[in-house]
Amino acid sequence: MKIHGPPQKRMVFWLYVGFALTGAGTTLLGCILPNLITAWHMNDDRAGVLFAAQFAGSACGAILVGLNYFSSILRGYLLAITSAISLAFWANSSRWFLFFVFGLGLGLAMTATSMFVCRLFAERRGATLSLLNAAWTVGAVICPVVAALWTKRWAAEKLFLALAASLLIAFLLMMRPHAALFSDRRVEPGVKPGPVPMALICMIALVAFLYVGVEVSVSGWMMSYVHRLTATGNASAATAVSFFWAALVGGRALAPRLLRRISEEELLTLSVTVAFFGVCMLLLNHAPLGIVLGAAFSGLALGPIYPLCLSRVMALANDSPNTKWVFATSGFGGALLPWMTGKLSTHHGSLRVGLVIPLFSLGVMFVLLLLSAQWSSPQPTEAESR
């Protein structure tokens, strides 16, 4: 499928804008978590349940993507808008269900957008997914700054109203008549034939599962971690989270240039290695400057990982639309690891101890990538081995 003419280009532009808004929506809970813990009288264990509900919903949303990617995008926006409005006013113990529906809408929209754009730019899949995820991260960068300013004047949960309004604008612009240029386009026939190495795909999917869990655990709990650790409170916390997401944007924006010099597999392994040391730096520092530098270092290294995982899976699966289960699996990582972090933090009374979970996960990812490199390397034939 090719892009021709201004209407199609405008359509792709608004898809990128919408993807940036889903980035803000995905990270919003972590940005306002210190305020919600106080307002809703929660401990880390209960707060972890909200993370689990949202990202479990996001995983289920990925499974619900249909062959008509554009219709799936619009359904995702509708779910996210209605649930965000409800979260602004819902005050009882069943709010976890609204976070589940909110995640369901985000997961549906994000997965459908990723698969749609990947189909549009199949020749530059890795670079395109890196830029698309960079747009997602722009929303994540802006979110903690907006949250810090918003909570000075208004209740934190009312920020979901502002997000709903922004998503509604993007939704209405996508529903304009020129959206019909894409709305009837289903996955085109002609998926490349050939064997699909399921064992290798499952291994890369597990890396993506752990990555999303690491990203959500580090970014989601960072606001609370820095807030408790430093005397400067919200100012340092918002700065650290913003630096983390800004560095993540930089990492994803740099990925296309780095891929001109090294392979996707090499960049993936290098990113995981550097991310491990970045999270170590974040946890071992006590001074605000050291924490901010650790957050930036972690974000820069984490940036390229997820798009490269998706690119490898799509390439190994010959661009099959059935790869949506990988997106779903990744979403469950975002549900499980932050919940485990909250449980461990509550048990030991230390969020630093809880954040050992994402650090350990990065170590597992490194081992998996080494194994996958051995599996994917061509085996010498009998003639070559003589």
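A few remarks follow.
- Identity of the residue in segment 86-105, assigned to a helix (DSSP H, G or I), modelled with pLDDT under 90 and in contact with a Leu (Cβ under 7 Å, 6 or more places away or on another chain), that ends up surrounded by the most Cβ atoms within 10 Å (Cβ to Cβ): 95
- Scanning segment 224-251 for residues that are at pLDDT 85 or above and in contact with a Pro (Cβ under 7 Å, 6 or more places away or on another chain) turns up just one, 251.
- Filter result for the condition that a residue is open to solvent by less than 30 Å² (accessible area, probe 1.4 Å) and touching a Gly at 6+ places or on another chain (Cβ under 9 Å), over 300, 283, 254: 283
- You will find that of 331, 342, 354, the residue that is surrounded by 13 or more Cβ atoms within 10 Å (Cβ to Cβ) and either at pLDDT below 85 or under 25 Å from residue 110 (Cα atoms) (or both) is 331 and no other.
- For residue 173, the conditions (1) more than 17 Å from residue 35 (Cα to Cα); (2) touching a Leu at 6+ places or on another chain (Cβ under 8 Å) are fulfilled apart from (2).
- Condition met for residue 83 (under 22 Å from residue 158 (Cβ atoms), over 14 Å from the mean Cα position of the chain (by Cα), open to solvent by less than 30 Å² (accessible area, probe 1.4 Å) and among the polar types (S, T, N, Q)): yes
- Where residue 366 falls short, out of the listed (1) more than 24 Å from residue 227 (Cβ to Cβ); (2) of a type outside the set (S, T, N, Q); (3) at pLDDT below 90; (4) surrounded by fewer than 18 Cβ atoms within 10 Å (Cβ to Cβ): (3)
- When residue 78 is tested against (1) open to solvent by 20 Å² or more (accessible area, probe 1.4 Å); (2) within 18 Å of the chain's Cα centre (by Cα), just one condition goes unmet, and that condition is (2).
- For residue 108, the conditions (1) under 22 Å from residue 310 (Cα atoms); (2) touching a residue at least 40 places away in the same chain (Cβ under 8 Å); (3) open to solvent by 10 Å² or more (accessible area, probe 1.4 Å); (4) not acidic (Asp, Glu) are fulfilled apart from (3).
- In segment 202-215 there is at least one residue matching the filter, namely being in a helix (DSSP H, G or I) and either open to solvent by 50 Å² or more (accessible area, probe 1.4 Å) or touching a strand residue (DSSP E or B) at 6+ places or on another chain (Cβ under 6 Å) (or both).
- Cβ-Cβ under 7 Å pairs, at least 6 apart or on other chains, segment 135-155 side open to solvent by 60 Å² or more (accessible area, probe 1.4 Å), far side not in a loop (DSSP other than H, G, I, E, B): 138/20; 138/23; 138/249; 142/24; 145/238; 145/242
The values are calculated or read from the model by the stated rules, or taken from the named source; none is laboratory data. Because the structure is predicted, anything quoted here is derived from the model rather than measured. With ideal geometry, Cβ positions are generated from the backbone for all residues, glycine too; neighbour counts draw on all protein chains shown. For the accessible areas, the whole protein counts, side chains as well, though only heavy atoms, and no ligand, DNA or RNA atoms are used. Shrake-Rupley method; radii C 1.70, N 1.55, O 1.52, S 1.80 Å.
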